[in-house]
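Written out below as structure tokens is the structure these notes cover.
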Amino acid sequence: DAGVTQSPTHLIKTRGQQVTLRCSPKSGHDTVSWYQQALGQGPQFIFQYYEEEERQRGNFPDRFSGHQYPNYSSELNVNALLLGDSALYLCASSLERRGDFRVQYFGPGTRLTVL
Amino acid sequence: TQLLEQSPQFLSIQEGENLTVYCNSSSVFSSLQWYRQEPGEGPVLLVTVVTGGEVKKLKRLTFQFGDARKDSSLHITAAQPGDTGLYLCAGPDNYGQNFVFGPGTRLSVLP
């Protein structure tokens, strides 16, 4: 049973470019959340996708967008890259359920460096 | 805005020592989670505490949720080099859909 997978592992871009990161959720999971983790900090919530729609969004600009496909896989797109976008981007998958007992499984992340 | 603070920020100890790390907030959380993250990997869930005053044990790790559900602690007994990593606490946000994370405590256990 494969866990959460992300691609690519590492990515180097220059300012102003655009990037697409990909995530495949754990088998059986239908919800995907994206987090940004800057060096030395905890993950910050970007947005969550469920049923192919963005359900909740954190405090990130519109340069950050996403998509979820019918097979539950997801993409994170970042336009007009800034130096400050350099971070580890984490994808977490979970199974939709009510209450606080949501268990998220994280992928290994994509390390994005913007030069 | 819900915020979680963690202390200490860094901790370096010798193998065999005991340690406690803390997670605090001015907000009440219905539950808190603890994760461990190793370099190059995503966070891995260790435990979820849901009841004020609750204590959970996971081998040498003891987790406690404060009575007022605003704080939590993680105590490690006889630390081992394999315990090295970033320890993160997280709680559900106001919408209950996702999680607010603390900045983490980076633990280094030296052999």
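Give me the net charge for the shell around A:Gly84: Cβ to Cβ below 14 angstrom, other residues only, Lys and Arg +1, Asp and Glu -1. Before the final figure, lay out the partial values.
On the way: positive: A:Lys13, A:Arg15, A:Arg63; negative: A:Asp85.
It works out to a net charge of +2.
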Per GNM of chain B with C-alpha springs under 10 angstrom, the most fluctuating residue out of B:Gly16, B:Gly52, B:Gly85 is B:Gly16
The size of the Cβ-based charge dipole (Lys, Arg +1; Asp, Glu -1) of the protein assembly as shown about the Cα centre, to the nearest 20 debye, is 200
Expected max-MSF residue from A:Asn79, A:Asn71, A:Asn59 in the GNM of chain A (alpha carbon, under 10 Å) is A:Asn59
Among B:Ser31, B:Ser12, B:Ala90, the residue whose Cα sits farthest towards the positive end of the charge dipole of chain B (+1 at Cβ of Lys and Arg, -1 at Cβ of Asp and Glu, taken about the Cα centre) is B:Ser31
Simple spin-label estimate for A:Thr9/B:Ser7, 7 Å along Cα→Cβ, in nm, reads 3.9
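Just subtract the alpha-carbon distance of A:Glu54 and A:Ala80 from 0.36 nm times their residue separation and send over the number in nm, one decimal.
On the way: separation 26, 0.36 × 26 = 9.36 nm, distance 2.09 nm.
Value of the extension gain: 7.3 nm.
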Mean-square fluctuation maximum in Gaussian network of chain B, Cα pairs under 10 Å, restricted to B:Gln97, B:Gln80, B:Gln64, hits B:Gln97
Dividing the mean separation of Cα pairs under 8 Å (6+ apart) by the residue count of chain A yields a relative contact order in percent of 36
Computed over all unlike Cα pairs, the Kirkwood hydrodynamic radius of the protein assembly as shown in Å stands at 18.0
For chain A, the Cα-Cα pair-distance distribution in 5 Å bins from 0, as whole percents, is 2, 13, 23, 26, 19, 10, 4, 1, 0
When the charge dipole of chain B is computed with +1 at the Cβ of Lys and Arg and -1 at the Cβ of Asp and Glu, the Cα pointing farthest to the positive end, of B:Thr1, B:Val47, B:Pro81, is that of B:Val47
Cα convex hull volume per residue for the stretch B:38-81, in Å³, equals 87
The simple spin-label model distance between B:Ser26 and A:Val103, using points 7 Å out along Cα→Cβ, in nm, is 3.5
Per principal axis, largest first, the Cα atoms of chain B extend in Å by 43, 29, 20
Scalar couplings 3J(HN,Hα) for the stretch B:70-78 by Karplus 6.51 cos²θ - 1.76 cosθ + 1.60 (θ = phi - 60°), nearest whole Hz, x for Gly and Pro, are 10, 8, 8, 9, 10, 10, 10, 9, 6
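Just so you know, all these numbers are worked out from the coordinates, no wet-lab data involved. Only a predicted model underlies this, so the values are computations on that prediction, with no experimental measurement involved. When we count neighbours, we look across all protein chains shown, and the Cβ atoms used for this are built from the backbone with ideal geometry, even at glycine.
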